[in-house]
Structure formats: structure tokens, C-alpha cells
Amino acid sequence: MRGAPEIVIDCHIDDVFSFLADFANAPLWAAGVLSADQVAGAGPGAGALYDVVRRIRGRRRRTAVVCVAFEPPQRVAWAASAAVVTYELKPVWTATRVTARGGALRDLRGLRRVLEGH
């Protein structure tokens, strides 16, 4: 059995959590996400609902994504259909280790690229 993908991002845990907890940022880092507009909830947090457009196998698909766990700055989880991705954050000196349970390493690499500015 494979472990959950993880990556270290050279940013403070509060900054990583803030960015990751707002799914409207997903088009900047998550593979296949073309747009994400919040349609319910008052800002990031448990119950925040997003209308998301993804490119899947060359076609555009709309889906609803909802925040099902919000524990600043250690944990945020997103559910779409039956799939849930949980991001767990831990400080590593001044950097942050992010583990994506149910997620993909390519998305974590995209997150690191955006947050570290390269």
C-alpha cells in the first residue's frame, strides 16, 4: 500500500493554510481545475461550497466541491462527489510539510510552485 503524497513548502504554515483553505485558488495549483467560484459560505471554512469547472479527459465538467474539515492551520479537507482529499499541515522549522490523503503529488508540486514563486 502506498503512503499519502507529501511535500515540504518553504513558507510559513499560516500562509500555506490560508492559501490552501480557499478553494478559489485551486486553478493556480490543482491539475485540471479551470475555475472555482464560491457559491455558499462566508469565506473559507467548513461548509464553504464552490462551483468548480475541471478538464477531465479533454472535456469540461462542472462539479460541486465543499469544505468538510477546517482546522487552522493543521487540516483542511475537500469533498467532491464521493471523493475526499484531506490536507494535513505540519511546521518544519520555517517551512511546512503538506500531506495529501486522497490527493496527488502533482497537485502538491503545483501548490509548492505557486507558493514559493517558481
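So how tilted is helix 105-116 from the main axis of the chain? Cα-based, degrees 0 to 90, rounded to 10.
70
Using protein chains only and a probe of 1.4 angstrom, how many square angstrom of ASP15 are accessible, to the nearest 10?
Accessible area of ASP15: about 100 Å².
Averaged per residue, what accessible area in Å² does the chain show with a 1.4 Å probe, protein chains only?
57
What are the trypsin sites (Lys or Arg not before Pro) within the stretch 19-100 that DSSP puts in a loop, where the Cβ has at most 12 other Cβ atoms within 10 Å?
Qualifying residues, ordered by number: ARG57.
Would you grab the residues whose amide H sits under 5 Å from the one on GLY103? Only those 5+ places off in sequence or on another chain, please, with H modelled 1.01 Å from N.
Counting only residues 5 or more places away or on other chains, the set is THR86.
With all protein chains present, how much of the accessible area of the stretch 30-118 (probe radius 1.4 Å) comes from carbon and sulfur, to the nearest whole percent?
51
Ranked by accessible surface with a 1.4 Å probe, highest first, in what order do SER18, SER35, SER81 come?
Ranked list, largest accessible area first: SER81, SER18, SER35.
At a threshold of 8 angstrom on Cα-Cα distance, excluding pairs fewer than six apart, so keeping six or more, what relative contact order does the chain reach in percent?
32
Figure the gain on full extension for GLN74 and LYS90 (residue separation times 0.36 nm, minus the Cα-Cα span) and round it to one decimal in nm.
5.1 nm
How much accessible area does PHE70 have with a 1.4 Å probe, in Å² rounded to the nearest 10?
Roll a 1.4 Å probe over it and PHE70 shows about 70 Å².
Just from its helices, what would the mean residue ellipticity at 222 nm be for the chain, if runs of 4 or more DSSP H residues each count -39500 (n - 2.57) and the sum is divided by every residue, rounded to the nearest 500 deg cm²/dmol?
It lands at -5500 deg cm²/dmol.
Could you quote the convex hull projected area for the chain, Cα atoms only and averaged over all directions, in nm²?
Mean orientational projected area (the chain, Cα hull): 7.4 nm².
The values are calculated or read from the model by the stated rules, or taken from the named source; none is laboratory data. Values in this document were obtained by computation on a predicted structure and should not be read as measured data. Cβ atoms come from the backbone with ideal geometry, glycine included; neighbour counts cover every protein chain shown. Each accessible area value is taken on the protein alone, full model and side chains, heavy atoms only, with ligands, DNA and RNA left out. Shrake-Rupley method; radii C 1.70, N 1.55, O 1.52, S 1.80 Å.
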